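The values are calculated or read from the model by the stated rules, or taken from the named source; none is laboratory data. A quick note: this is a predicted structure, and the numbers were derived from the prediction, not measured. No Cβ is skipped: glycine too gets one built from the backbone with ideal geometry, and neighbour counts run over all protein chains shown.
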Amino acid sequence: MGKITIVRKPKTTISEKLKEEMKKEEYLQGQVVIHCTFVNTNYIDCLIRIWKTTFLTVKNSDHKSTLHHAENIRLYPLYTNVLYRQSHNFTLVFSSLPKDCTHFDLLEEIPEPGEFHVKNIPRNESDVYHVNIS
């Protein structure tokens, strides 16, 4: 009679660093990343900020992708100072867009003048974009 071998599932250890990287990757899947450049063309220093009421909107649709995270720009009511003739880069992370979306707008809905609005951004496969805001 043959010998019976019992195979036990080996204990697998995943490093904490790898677990954190996997969480970040999982978080970003399906999300839209917008890298923005604001150029101060005013004749003085200016103040900019982003409101939580900033969305990605799709024409002929009620869909609004919500802002999840803003990096390198302050959220309302705080401001980020941009010096005269200088540019400021910041990144916005939004919830996903509908699969059938081919173009979308970046729209800051605020109760005062001066909102950010970038129209008709063509969708790409990576859902990572670079836009200029004035």
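Being in contact (Cβ under 8 Å) with a residue 40 or more places away in the chain and either touching a strand residue (DSSP E or B) at 6+ places or on another chain (Cβ under 8 Å) or assigned to a strand (DSSP E or B) (or both) is the filter here; which residues of the stretch 51-83 pass it?
Result: Trp51, Thr53, Thr54, Phe55, Leu56, Thr57, Val58, Lys59, Val82.
Where residues in the stretch 76-96 are among the hydrophobic types (A, V, I, L, M, F, W, C) and loosely packed, with under 13 Cβ neighbours inside 10 Å, which of them is farthest from Asp62 (Cα to Cα)?
Let us first name the residues in the stretch 76-96 that are among the hydrophobic types (A, V, I, L, M, F, W, C), namely 78, 82-83, 90, 92-94.
Checking which are loosely packed, with under 13 Cβ neighbours inside 10 Å leaves us with 78, 83.
Numbers: Leu78: 30, Leu83: 37 Å.
Taking the candidates together, the pick is Leu83.
Name every residue in the stretch 35-62 that is within 13 Å of Gly114 (Cβ to Cβ) and loosely packed, with under 13 Cβ neighbours inside 10 Å, in order of residue number.
Result: Asn42, Leu47.
For the stretch 88-134, enumerate the residues that are touching a helix residue (DSSP H, G or I) at 6+ places or on another chain (Cβ under 9 Å) and more than 18 Å from Thr37 (Cα to Cα).
If the condition is that a residue be touching a helix residue (DSSP H, G or I) at 6+ places or on another chain (Cβ under 9 Å) and more than 18 Å from Thr37 (Cα to Cα), then no residue fits.
Which one is surrounded by the most Cβ atoms within 10 Å (Cβ to Cβ), of the residues in the stretch 97-116 that are modelled with pLDDT under 95 and in contact with a strand residue (DSSP E or B) (Cβ under 7 Å, 6 or more places away or on another chain)?
That would be Phe116.
Just a yes or no: is a residue in the stretch 64-75 modelled with pLDDT of 95 or more, surrounded by fewer than 16 Cβ atoms within 10 Å (Cβ to Cβ) and more than 16 Å from Val33 (Cα to Cα)?
Looking for residues that are modelled with pLDDT of 95 or more, surrounded by fewer than 16 Cβ atoms within 10 Å (Cβ to Cβ) and more than 16 Å from Val33 (Cα to Cα), one finds at least one in the stretch 64-75, hence yes.
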